[in-house]
Amino acid sequence: MYIVTNRVPVAPGYEEMFEERFRNRAGQIDKQAGFVRMQVLKPDAPDTPYVVQTTWKDKQAFEGWVGSEDFKMAHSNPMPKEAFAGEGKIEMFEVLIAADAAS
C-alpha cells in the first residue's frame, strides 16, 4: 500500500469553502485503478492544517492518477490564494506495517 498526505493550511474564514469542495467533488479519483480510499481530516485545533489522505494499491497507481486527465480536471479550478494560510505539504509513504481491529 502507498499513502499520500497533503497538509493544507486553510485560512480562517475559508474552512467551509474548502470542506464543500470535497463534499461536492466530481469523484474522478474514485474511478482510478489502484485507488483504495480518501479521507479528508478536519483539524481539531487552530493553526493545524487539514489533511487530505489518499491510499493506493502501490506507488505506480498514485503516479497513474497524477498523470491522468481526471487529475487535471480535479485540480483545474483552485481556491483563491488568500484561502490558504501558507504553503501546503505533500508527504508520501509506503506502508511498512498495518494492523486492523480484530473482528
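Laboratory data are not the source of any read-out in this text; all were calculated from the coordinates shown. Since this is a predicted model, take the numbers as computed values, not measurements. Glycine also receives a Cβ, built like all others from the backbone with ideal geometry; neighbour counts cover every protein chain displayed.
If I stretch the segment between I90 and Y14 completely, what's the gain in nm (0.36 nm per residue apart, minus their alpha carbon distance), one decimal?
25.3 nm
Each label point is 7 Å from the Cα along the Cα-to-Cβ direction; what then is the distance between the points at V51 and V36, in nm?
Once both label points are built, they end up 1.5 nm from each other.
Read phi for every residue in the stretch 62-72 and hand back ³J(HN,Hα) as whole Hz from Karplus 6.51 cos²θ - 1.76 cosθ + 1.60, θ = phi - 60°, with x for Gly and Pro.
Ordered by residue, 3J(HN,Hα) equals 4, 5, x, 5, 4, x, 8, 5, 4, 4, 4 Hz.
Which aspartates and glutamates, on any chain, are close to K89 with Cα under 15 Å apart, when same-chain ones fewer than 8 places away are left out?
Excluding near neighbours in sequence, the set is D47.
What ³J(HN,Hα) values, in whole Hz, does the Karplus curve 6.51 cos²θ - 1.76 cosθ + 1.60 give for the stretch 78-93 when θ = phi - 60°, with x put for Gly and Pro?
Working through the residues one at a time gives x, 5, x, 4, 5, 6, 10, 9, x, 7, x, 9, 9, 10, 10, 9 Hz.
Using only Cα atoms, locate the centre of the stretch 43-103 and the centre of the stretch 1-23, then give the distance between them in Å, rounded to an integer.
Centre-to-centre (Cα) distance: 9 Å.
Starting from the amide H of F84, placed 1.01 Å from N in the peptide plane, find each other amide H under 5 Å away whose residue is 5 or more places distant or on another chain.
Amide H neighbours of F84: A11.
Which ³J(HN,Hα) values in Hz, rounded to whole numbers, follow from the phi angles of the stretch 29-37 under the Karplus curve 6.51 cos²θ - 1.76 cosθ + 1.60, where θ = phi - 60° and Gly and Pro get x?
Whole-Hz 3J(HN,Hα) from phi for the stretch 29-37: 5, 4, 8, 6, 4, x, 6, 10, 6.
Under a cut-off of 14 Å between alpha-carbon atoms, report the aspartates and glutamates in cross-link reach of K59, not counting same-chain residues fewer than 8 places apart.
E91, E94
Please list, by residue number, every one of the trypsin sites (Lys or Arg not before Pro) in the stretch 13-103 that is coil in DSSP and has at most 16 other beta-carbon atoms within 10 Å.
R25, K57
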